[in-house]
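Just so it is clear, none of the values below were taken in a lab; they were calculated from the coordinates. Because the structure is a prediction, the values reported are computed rather than measured. Cβ sites come from the backbone with ideal geometry, for glycine too, and all protein chains shown count toward neighbours.
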There are 2 protein chains.
Amino acid sequence: MSEAKVTVDVVMFTIREGRLQVLLVRRGIPPFEGQWAIPGGFVLAGEGLEAAAARELEEETGVRDVYLEQLYTFGDPGRDPRGRVVTVAYFALIRSDLELAAGSDAAEARWWPADAPPPLAFDHDRILAYAIERLRNKLEYTTVGFQLLPERFTLGDLQAVYEAVLGRPLDKRNFRRKLELLDILVPLAEHRTAGRARPARLYRFSAARFEKLRDKGILFPF
Amino acid sequence: MSEAKVTVDVVMFTIREGRLQVLLVRRGIPPFEGQWAIPGGFVLAGEGLEAAAARELEEETGVRDVYLEQLYTFGDPGRDPRGRVVTVAYFALIRSDLELAAGSDAAEARWWPADAPPPLAFDHDRILAYAIERLRNKLEYTTVGFQLLPERFTLGDLQAVYEAVLGRPLDKRNFRRKLELLDILVPLAEHRTAGRARPARLYRFSAARFEKLRDKGILFPF
DNA sequence: ACAAAAGTGTTCGATATACACCCATGT
DNA sequence: ACATGGGTGTATATCGAACACTTTTGT
């Protein structure tokens, strides 16, 4: 017997309150009814895996066109009491300025700190741990960090993202020098003033310049 | 409809004749009958994905306990004319001293240069390309290269593996210094003499020392 | 003797890290 | 005036890259 059900689970990360947070939903049906879980669902007939993940993402958050990457496939027999279910896990990065659409699935959904989630259904604790590890690694040698910020952001915002995900403080001057060398940020004319501190210059990510780096073989500059 | 067939495909690499080679099988049945393909097959009921990959590996080569890592999952609708087939691809590294067991599947199987394979069935050219890319990346910051060599090997052997996979020459002195710093090779008393050249010292990989590096947070020293 | 691969150190540039003070604004 | 985060430069250590000759063996 080689028939199985195939699902996608999408670990959606964001930055809220200066911390890395993950979207979880409370299950409304057995198994694990009432438990928190990583959002996911069955792949439809004729639907690609990544398309299914993007669909779940949009159903859950109302958001499209975000960073989405395949993570790992979990298929141990017995991981789902309903029978053989193979799940292809993805992870996604949600910009911190995007609000969750009100529960389209009528299911309860909320952000949880990624390092302090509630008990999770199925083997979802493993999936979450794996996603966090992958995100940390990616952050160190890629530029995915920008995907967690609004289009316009300050260097302080960006550094805060890196610190939240990596879980350690970074040196401001070294961080900025590294970014300057990469030359993938475009300084904008505007500033943003927060609280009673000096206004900070806003930047945006330049996909074009990043592509040029890639073309020159500098694949993962971070 | 969420039922699908689940297969595992295993991209098996080795070093032969100083080149990176990949094991391919000629398909005996439709679809793509007579075409070359990456070995694989259906996941059995109650069988884990990695277990299925290890079984395919052993059926095809007679070899067990080799380096095996999940690569990516391909599930585009239409990738298999028989219907919805999701394949979880793995890649494996076969030591260069291991001989293929005579065709247990009665199917033709042979090594092909990884950079010049014949036309492949399904989307297997994509899978192979992805596996090569991953292997190259892994080689640069991990120690998987040892998995392609016999237990006892010379530094020249090891460098040849890296050069074959990366596709570029490496500096002998820099290569050796790096290894010395890592301190994961154990020099043996024996030497091996090849042709009419000076005999070379044999080494073996020390998994114990490698684990110590990992414990100290030096995850991927290469 | 010579062909073949083994073995061995140093220099240089680039990159990563550590570290402290002044600036512009709101209250 | 002071509290808050923004902004800036220098010195040092570490790592990677480039580079050439001697040694040991078989023929």
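Which of the trypsin sites (Lys or Arg not before Pro) found in the stretch A:68-103 are loop residues per DSSP with 12 or fewer other Cβ atoms within 10 Å of their Cβ? If you can, show how the numbers build up before the last one.
Numbers: sites: A:R79, A:R82, A:R84, A:R95; in loops: A:R79, A:R82, A:R84, A:R95.
Answer by residue number: A:R82.
What share of the DSSP beta bridges in chain A is antiparallel, in percent to the nearest 5?
Counting DSSP beta bridges with both partners in chain A, the antiparallel share is about 75 percent.
Report, to two decimal places, the Cα Rg of the stretch B:1-136 normalised by 2.2 N^0.38 Å (N = number of residues). All intermediate terms of the calculation are to be shown ahead of the outcome.
Details: Rg = 14.0 Å, N = 136, 2.2 N^0.38 = 14.2 Å.
So the stretch B:1-136 has a normalised radius of gyration of 0.99.
For the protein assembly as shown, report the convex hull volume of the alpha-carbon atoms normalised per residue, in Å³, without decimals. If you can, show how the numbers build up before the last one.
Values: hull volume 77.8 nm³, N = 444.
Roughly 175 Å³ of hull volume per residue.
Just tell me how shielded A:71-78 is by partners: mean number of partner chain Cβ atoms within 10 Å of each residue's Cβ, no decimals.
Mean shielding by partner chains, rounded to a whole number: 6.
Rank B:A200, B:A54, B:A131 by mean-square fluctuation in a GNM of chain B with C-alpha springs under 10 angstrom and give only the top-ranked residue.
The residue that fluctuates most here is B:A200.
Express the relative contact order of chain B as a whole percentage, based on alpha carbon pairs under 8 Å and six or more residues apart in sequence.
With pairs under 8 Å counted, the relative contact order is 21 percent.
Give the range of the longest stretch in chain B that excludes all GluC sites (Glu not before Pro) found in loop regions by DSSP and having at most 10 other beta-carbon atoms within 10 Å.
Longest gap between qualifying sites, sites excluded: B:100-222.
Please get the size of the charge dipole for the stretch B:124-181, origin at its Cα centre, with Cβ charges of +1 on Lys and Arg and -1 on Asp and Glu, quoted in debye to the nearest 20. Walk me through the numbers before you get to the answer.
Values: 11 positive and 8 negative charges, 37 e Å.
Taking the Cα centre of the stretch B:124-181 as origin, the dipole is about 180 debye.
State to the nearest 20 debye the size of the charge dipole of the stretch A:1-49 about its Cα centre, where the only charges are +1 on K and R beta carbons and -1 on D and E beta carbons.
Computed about the Cα centre, the dipole is about 220 debye.
DSSP loop trypsin sites (Lys or Arg not before Pro) in the stretch B:127-218 with at most 16 other Cβ atoms within 10 Å of their Cβ, which ones? Don't skip to the end; give the middle numbers.
Values: sites: B:R134, B:R136, B:K138, B:R152, B:K172, B:R173, B:R176, B:R177, B:K178, B:R192, B:R196, B:R201, B:R204, B:R209, B:K212, B:R214, B:K216; in loops: B:R152, B:R196, B:K216.
Answer in residue order: B:R152, B:R196, B:K216.
With contacts defined as alpha carbon pairs under 8 Å and 6 or more residues apart, what's the relative contact order of the stretch A:52-122 in percent?
32
Counting other Cβ atoms within 10 Å of each Cβ, which chymotrypsin sites (Phe, Trp or Tyr not before Pro) in the stretch B:142-213 have at most 12 and sit in a DSSP loop?
none
Show the residues, 5+ positions off or on another chain, whose built amide H is closer than 5 Å to the amide H of A:G62.
A:A101
Using the crude model of +1 on Lys and Arg Cβ and -1 on Asp and Glu Cβ, and no other charge, please compute the dipole size for chain A relative to its Cα centre, in debye to 20.
So the dipole magnitude of chain A works out to roughly 1140 debye.
As an exercise, take the mean of 1/r over every pair of distinct alpha carbons in the stretch B:149-191, invert it, and state the Kirkwood radius in angstroms. Don't skip to the end; give the middle numbers.
Numbers: mean 1/r = 0.0893 Å⁻¹.
Taking the inverse mean of 1/r over all distinct Cα pairs, the stretch B:149-191 comes out at 11.2 Å.
Per-residue Cβ counts within 10 Å, from other chains only, averaged over A:42-50: what number is that?
5
Give the Debye-formula value of log10 I(q)/I(0) at each listed q (0.12, 0.24 Å⁻¹), with one equal scatterer per alpha carbon of the stretch A:22-87, two decimals each.
Taken in order of the listed q values, log10 I(q)/I(0) reads -0.35, -1.32.
Beyond 32 Å between alpha-carbons counts as too far, so tell me which of A:K212/B:K5; A:K172/B:K172; A:K212/B:K212; B:K172/B:K212; A:K138/B:K212; B:K138/B:K172 fall in that bin.
Violating the 32 Å Cα-Cα cut-off are A:K212/B:K5; A:K172/B:K172; A:K212/B:K212.
Please name whichever of A:L44, A:V10, A:T142 sits farthest to the positive end of the charge dipole of the protein assembly as shown, dipole taken about the Cα centre and charges placed at Cβ: Lys and Arg +1, Asp and Glu -1.
Result: A:T142, furthest along the dipole toward the positive end.
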